[in-house]
Amino acid sequence: MSKRISRSFFLVPEALFIGYSRKHAVFCSMVYDAFAKAGTRIYPVNPNYGKDGAVEVFPRLEDVPAKPEFAYVVTPSAVSATLVEGLAAF
């Protein structure tokens with residue numbers, strides 16, 4: 001079984017990247033770069049973050065200037081259930 005993600009996964013015009021984090025900087029950068037290389041406009045979201053160099057990280061979903069139909073979520077399971085409800089309302 002392959003452990004690689006298909007390139008087609010990243011072929012969306014816009015995406016929320018919820019849980020973008022310094023704590024997992026290498027992983028987050030790889031995911032962000034994969035979306036960017038595919039031409040995706042990425043909106044990182046993390047309430048405890050701020051700006052990361054050239055990457056603007058939005059504190060809340062409500063602060064994102066677009067409403068992408070795709071969300072990549074990397075959060076602790078305790079947060080994920082509430083977050084999915086918030087995404088449904090977004």
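The values are calculated or read from the model by the stated rules, or taken from the named source; none is laboratory data. All figures in this text were calculated on a predicted structure; none of them were measured in a lab. A quick note on method: Cβ atoms are made from the backbone with ideal geometry, for glycine too, and the neighbour counts reach across all protein chains shown. With ligands, DNA and RNA removed, areas are computed over all heavy atoms of the protein, side chains included. Shrake-Rupley method; radii C 1.70, N 1.55, O 1.52, S 1.80 Å.
In table form, for the structure just shown:
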read-out: DSSP bridge orientation in the chain - percent antiparallel, rounded to nearest 5; value: 20
read-out: Candidate aspartates and glutamates for bridging to Lys37, where Cα separation is under 16 Å - those fewer than 8 sequence places away on the same chain excluded; value: Glu14
read-out: Heavy-atom surface of the chain, accessible at 1.4 Å and reported per residue (Å²); value: 68
read-out: Per residue Cα convex hull volume in Å³ - calculated over the chain; value: 117
read-out: Estimated inter-spin distance, Ala54 and Ile5, nm [label 7 Å along Cα→Cβ]; value: 2.1
read-out: Projected-area mean, segment 36-78, by convex hull of Cα positions, square nanometres; value: 3.9
read-out: Accessible heavy-atom area order of Val84, Val57, highest first, probe of 1.4 Å; value: Val84, Val57
